Structures are given as C-alpha cells and as structure tokens.
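Report on the following structure.
The values are calculated or read from the model by the stated rules, or taken from the named source; none is laboratory data. All of these numbers come straight from a predicted model, not from anything done at the bench. Neighbour counts run over all protein chains shown; Cβ positions are idealised from the backbone, glycine included. These accessible areas exclude ligands, DNA and RNA; they are computed on the full protein's heavy atoms, side chains included. Shrake-Rupley method; radii C 1.70, N 1.55, O 1.52, S 1.80 Å.
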Amino acid sequence: MADSASIPNTPLLKDELDIVIPTIRNLDFLEMWRPFFQPYHLIIVQDGDPSKTIKVPEGFDYELYNRNDINRILGPKASCISFKDSACRCFGYMISKKKYIYTIDDDCFVAKDPSGKEINALEQHIKNLLCPSTPFFFNTLYDPFRDGADFVRGYPFSLREGVSTAVSHGLWLNIPDYDAPTQLVKPRERNTRYVDAVLTVPKGTLFPMCGMNLAFDRELIGPAMYFGLMGDGQPIGRYDDMWAGWCTKVICDHLGLGVKTGLPYIWHSKASNPFVNLKKEYKGIFWQEELIPFFQSAVLPKDCTTVQKCYIELSKQVREKLGKIDPYFDKLADAMVTWIEAWDELNPSGAAAEKPNGTAK
C-alpha cells in the first residue's frame, strides 16, 4: 500500500475502483471532492426524468446512465431497478467492471477531522477494504491493524490473520441518518461526535447500513448489494440500503467475509423532510420488526458457495417466510432473482464482457 505522502501522485486503486453516484440534480458538489475523486472513474445513475440534462463539472471521467439507458441495457430485467429512489444506484454496481465500488450521495460534502484537516473519505475506505476484518472474536482496541493498535491479551492467535473485508461502512457528521419519527422529535439534533475508530461488525450481528458513504469489494460481495424495490410504484422507501445491508451481512457471515464500520466521516449537509420520509417509511417501520428476526435466524446451506447462490437461496426464504406479511415481498423475491440474472448477464464469469455504453465522457 502506498504511504500517505504519495497519495496525490499515485491514488490508491486508481484503475480498480469506480465511484457510483445516484442523482436527480447537477453535480456541483463534486467541485469540493475534486482533489480526492478526480483521478477516479465515476458512474452516475440519473434518477427521474431521463430528458433532463444533468451537468457534471469539467475534468471528471464519467459515464452517465439515465432510465432510458437502463431500459435499453437490461430490457425486461430493468424492472428490478427502482425508479424515483436512490436505490437506482445499484445499477451502477452492476454495470461497473472494477473490483471496488465507492458510493456517495450528492448532499454529502467533505468533512474535517478535529484538527481541521479535510478528510479524504475515499482513501480511508480503501484502507479499510485492503485491511483484514476480525468478525469471529471482538478486539477491544477495535481495529488491530491500525497504527498504534494490536490484538489484546487473550485474543486467540489462530484468529489473528483475520478475513477479507467485503464492506467498509462510513459515517457522517452534521445531519444524522435518522428515521422519520426520530427526526420529528429531534429536528435540531446534529452529530458533532468524531470518533477516531474502525471496528469489525461481529459475526451474527446485523447493523443498519447507510448507503450514502459506503465502499465494498465488488468481486467479493457485489451481487448481494441489491438495494431492492423502492420508490415509484412500491409501498415502501428509504429501506433500500437497510435491505442490502441485512442481505449482505447474512451472506458475509456465511462466506466468512468481514464488514467494517466507523471511519471515514463525510459531512451530511441536508436534512430530508421528515413528513415525506414518514410516508415512505411507514410500512417499513412495522415490517422491520419481523424482518430483523427473519435475517437473524436465516441459515444458508453449505452448498451455497457463491454470493449468487446465497442470494437466490435468500430470495426463496423471503418468499416463503415474508410473503405472508405482504404481497410486496413476493414481488421483491422475484426482483432479487431478476437482479442476479441481470448481474450474471452483464458479468459473465471467466470472460471479460464488453461494457454497454451509457452517455460517456
């Protein structure tokens, strides 16, 4: 790994990582990220009206896909990609041909650490992904691979090698990632706590995954990063990243992969409307009380040796156990299968597939 002094000249994983951004607006926010993002390739997934022109600042290497592109590339399978919801971002994961993905929302700005230095969130995510995780035994000094830390006394030597990290989950300063009821009772609350820590989420423990500052190893876990059916025409919204996080964590636990959370922070600039959010989340707030026990008890058979096999098996369990809650889950189970079929079509194993072109620059 390059040392920090060489970062500006040789950005980490420059040719192995795509940045995926879902948006409905001009991407002026990229100006502040220019020092960190400009060396990398961007995949922009335009939501909403495809006839609208999205402006991207000069000097960025990007592809832009709108709904017309998604329909053209996926055909009937485009039904699995959400419309009028940031869940559309997962199309970018599917279309990418890079090993790693970083995804960020367009209302996320560069944060500063307590010393006032701007945080290179992407660099920290890459460091998290390139470092092992320790899901099988908790280290009380958090990440033992960071400078100044190690495994504490009593930590089994047989587990100190760790496992590959599949997901790096970053956090946010300023506007917290709250649900609508919490937003309503704490409208002025801001997160000002910068905690200088990264830790592995233990095996068997679920977590609420936020998609606005997230990186993952696409080769290790990409097919599980499906953000579900949300938004237009669906009875639920704002659970896209939650769904992906629960599915991903169950599969990571089964396959022996790691998930890290903590650093890096971004500055979340804009609070979404809590009343609009409540309408989107309303059913999810009830459903999650049954969804969480479902994922906590989900068991995948030993012959599920790939992410795709795991995901198809999960889709069967979703249909069988969650379908009785609401017909939406039957529809979601179908979409999960369609997603895997579309993923495999665009990413045939063992062969370098030609990437379908969107509006490239």
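For the range 114-130, enumerate the residues that are assigned to a loop (DSSP other than H, G, I, E, B), touching a residue at least 60 places away in the same chain (Cβ under 8 Å) and open to solvent by less than 70 Å² (accessible area, probe 1.4 Å). Scanning the range 114-130 gives 119, 120.
Which of the residues spanning the range 148-165 are assigned to a loop (DSSP other than H, G, I, E, B) and within 26 Å of the chain's Cα centre (by Cα)? Explain how you work it out, then say what you get.
Start the filter on the range 148-165 by keeping residues that are assigned to a loop (DSSP other than H, G, I, E, B), which leaves 148-156, 160-162, 164.
Answer for the range 148-165, where residues must be assigned to a loop (DSSP other than H, G, I, E, B) and within 26 Å of the chain's Cα centre (by Cα): 161, 162, 164.
When you check residue 267 against the structure, is it under 19 Å from the mean Cα position of the chain (by Cα), open to solvent by 60 Å² or more (accessible area, probe 1.4 Å) and either aromatic (Phe, Trp, Tyr) or more than 18 Å from residue 239 (Cα to Cα) (or both), yes or no? The answer is yes for residue 267. Listed by position, the helices (runs of 4 or more DSSP H) inside the range 1-113 whose residues that are more than 30 Å from residue 236 (Cα to Cα) and modelled with pLDDT of 95 or more number at least 1 are 30-37.
Residues in the range 283-329 that are open to solvent by 60 Å² or more (accessible area, probe 1.4 Å), part of a helix (DSSP H, G or I) and either of a type in the set (A, V, I, L, M, F, W, C) or touching a residue at least 60 places away in the same chain (Cβ under 8 Å) (or both): 286, 296. The requirement of being assigned to a loop (DSSP other than H, G, I, E, B), open to solvent by 20 Å² or more (accessible area, probe 1.4 Å) and within 24 Å of residue 146 (Cα to Cα) is fulfilled nowhere in the range 227-246; no residue meets it.
Of note, residue 259 satisfies the criterion of being open to solvent by less than 10 Å² (accessible area, probe 1.4 Å) and β-branched (Val, Ile, Thr).
Give 208, 223 a once-over and let me know the one that is over 20 Å from residue 292 (Cα atoms), touching a residue at least 12 places away in the same chain (Cβ under 8 Å) and in contact with a helix residue (DSSP H, G or I) (Cβ under 7 Å, 6 or more places away or on another chain). Show your work before the answer.
Values: 208 fails: over 20 Å from residue 292 (Cα atoms).
When all the criteria are applied, what remains is 223.
Residue 357 meets all of the listed conditions (1) more than 16 Å from residue 93 (Cβ to Cβ); (2) touching a helix residue (DSSP H, G or I) at 6+ places or on another chain (Cβ under 9 Å); (3) modelled with pLDDT of 95 or more but one, namely (3). A residue that is assigned to a loop (DSSP other than H, G, I, E, B), over 30 Å from residue 237 (Cβ atoms) and among the β-branched types (Val, Ile, Thr) cannot be found anywhere in the range 166-176.
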